[in-house]
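Step one of this worksheet: look at the structure below.
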Amino acid sequence: DPDLIAAGEKVFRKCKACHQVGEGARNRTGPHLNNLLGRRIGQIDGFKYSKALTEMGDMEKSWDNHSLSDFLEAPKGYAKGTKMAFAGLRSPEEREAILAYLAQFSE
Ligand code: HEM
């Protein structure tokens, strides 16, 4: 849905200070967000994660629409001890839109 993706691109403005996505995306304050769907939590090479996210990945947990929505709604509630300094996206519409936007950069 192109409208949803366009809405998601706007929501991504809230993430851009720390994250890159798309061609040439690199780790910044946060890890790059390419191929996020199905990606093991906290396992991008060369990025130093909190213990909270590293341990979730060590337990073989991966990102999917459900876990991403829960994390983005309240990062510190979903992953106690995360160093992602972001209050969260309270609106379900914003979460749906950002997930549609990020899905474009997943295989
Ligand atoms: C981690 C998404 C906003 C800093 C993550 C992860 C995702 C994500 C999916 C986990 C990645 C992985 O497991 O490899 C987003 C989205 C945002 C957002 C969609 C906007 C809605 C921000 C902002 C900052 C930030 C504004 C900086 C102020 C970080 C950091 C981590 C992280 C430092 C690593 C967390 C840790 O190791 O505990 N983000 N993020 N993010 N993000 Fe964000």
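A crude spin-label estimate for the pair K76 and S91, with each label 7 Å from Cα along the Cβ direction, gives 2.3 nm.
In this structure, the amide hydrogen of K83, modeled 1.01 Å from its nitrogen in the peptide plane, lies closer than 5 angstrom to those of S50, counting only residues at least 5 positions away or on a different chain. When you restrict to C-alpha pairs under 8 Å that are six or more residues apart and normalise by the size of the range 2-103, the relative contact order lands at 34 percent. Give the shape of the chain as rounded, prolate or oblate, defined through the alpha-carbon gyration tensor: a ≥ b ≥ c are the square roots of its eigenvalues, a/c under 1.5 means rounded, and otherwise the shape is prolate if a/b is larger than b/c and oblate if not. Cα axes put the chain in the prolate bin. Think of a 1.4 Å ball rolled over the protein heavy atoms: the chain then has 62 Å² of accessible area per residue.
Report the calculated FRET efficiency for E107 and C18 (r = Cβ-Cβ distance, R0 = 25 Å), to the nearest 0.05. About 0.60, to the nearest 0.05. In this structure, the amide hydrogen of S62, modeled 1.01 Å from its nitrogen in the peptide plane, lies closer than 5 angstrom to those of I41, counting only residues at least 5 positions away or on a different chain. Distances between placed amide hydrogens fall under 5 Å for N34 paired with G22, all partners being 5 or more residues away or on another chain. Karplus-based coupling profile of the range 50-57, in residue order and whole Hz: 5, 4, 4, 6, 4, 5, 4, x, with θ = phi - 60° in 6.51 cos²θ - 1.76 cosθ + 1.60 and x standing for Gly or Pro. Report note on the peptides 41-51, 94-104: ranked by the mean count of other C-beta atoms within 10 Å, highest first, their order is 94-104, 41-51.
Using a Gaussian network model of the chain in which every pair of alpha carbons under 10 angstrom is joined by a spring, one finds that among E93, E73, E60 the greatest mean-square fluctuation is at E60.
The values are calculated or read from the model by the stated rules, or taken from the named source; none is laboratory data. Everything quoted here is computed from the prediction, not taken from an experiment. Every residue, glycine as well, gets a Cβ built from its backbone with ideal geometry; the counts of neighbours run over all protein chains shown. Heads up: the accessible areas ignore ligands, DNA and RNA and are worked out on the full protein's heavy atoms, side chains in. Shrake-Rupley method; radii C 1.70, N 1.55, O 1.52, S 1.80 Å.
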